[in-house]
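What follows is a set of notes on a single structure, which appears directly below.
Nothing in this text is a laboratory measurement; each read-out follows from the coordinates by a stated rule. Because the structure is a prediction, the values reported are computed rather than measured. Don't worry about glycine lacking a Cβ; one is built from the backbone with ideal geometry, like all the others, and counts go over all protein chains shown.
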Amino acid sequence: MGLTDKLYEKTSSLSGGEQQRVALARLLVQNPEIVLADEPVASLDPARAEDVLDLLVKIASEEKQTLIASLHSVEYARKYFDRLIALKDGELFFDLPASSVTDDHIRSLYRLQEIS
């Protein structure tokens, strides 16, 4: 997680991104059957986000864990996950293999309703 130099610091003194990585590390050492990650890279810069997602996916695969992540980055979702589930207005919008999700699906998902 890139936190070796912070080993003896209190988590309250760490940045938001560092605290997020500490939380992920704590989760992973528990070796759960299912990992629920709510915006696991939201506070991270793009390079660190890619590192963390690489690690999460790798560990989940090696440990035969189910990994469910909520992401607002379509690029990350397509790159790191085999299946994408989209919700819109509180309802299932699509549930497809990542390779089947088209740009039209994404545009429809994020299309805003006109305000009258």
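Spacing of the modelled spin labels on Ile59 and Ile34, each 7 Å from Cα toward Cβ, amounts to 1.9 nm. Scanning residues 5 or more positions from Val35 or on other chains, those with amide H under 5 Å from its amide H are Thr66, Leu67, Ile68, with H placed 1.01 Å from N in the peptide plane.
The Rg/Rh ratio of the chain, with Rg taken over Cα atoms and Rh as the Kirkwood radius over Cα pairs, comes to 1.03.
Compute the FRET efficiency between Ser43 and Asp89 as 1/(1 + (r/R0)^6), taking r as their Cβ-Cβ distance and R0 = 35 Å, and round to the nearest 0.05. Intermediate results must be reported in sequence, preceding the final value.
Details: r = 27 Å, r/R0 = 0.77.
It comes to 0.85.
Here region 69-105 is scanned for amide nitrogen atoms under 13 Å from the site 7 Å beyond the Cα of Ala23 along Cα-to-Cβ, giving 70. Roughly how tilted is helix 16-29, in degrees to the nearest 10 and between 0 and 90, from the longest Cα axis of the chain? Long axis of 16-29 versus the principal axis of the chain: about 80 degrees.
For the ranges 58-67, 13-22, what's the packing order if you count other beta-carbon atoms within 10 Å of each residue, average per peptide, and put the highest first? Show your work: numbers first, answer last.
On the way: 58-67: 12.6, 13-22: 15.6.
Averaged packing, sorted descending, gives the order 13-22, 58-67.
Measure nothing but the geometry: give the 0 to 90° angle between the long axis through the Cα atoms of 46-62 and the longest principal axis through the Cα atoms of the chain, rounded to 10°. It is inclined by approximately 90 degrees. Under a 5 Å amide H cut-off, with hydrogens placed 1.01 Å from N, Arg83 pairs with Ala98 among residues at least 5 apart or on other chains. Residue separation of Ser70 and Asp103 scaled by 0.36 nm, minus their Cα-Cα distance, works out to 10.0 nm of gained length.
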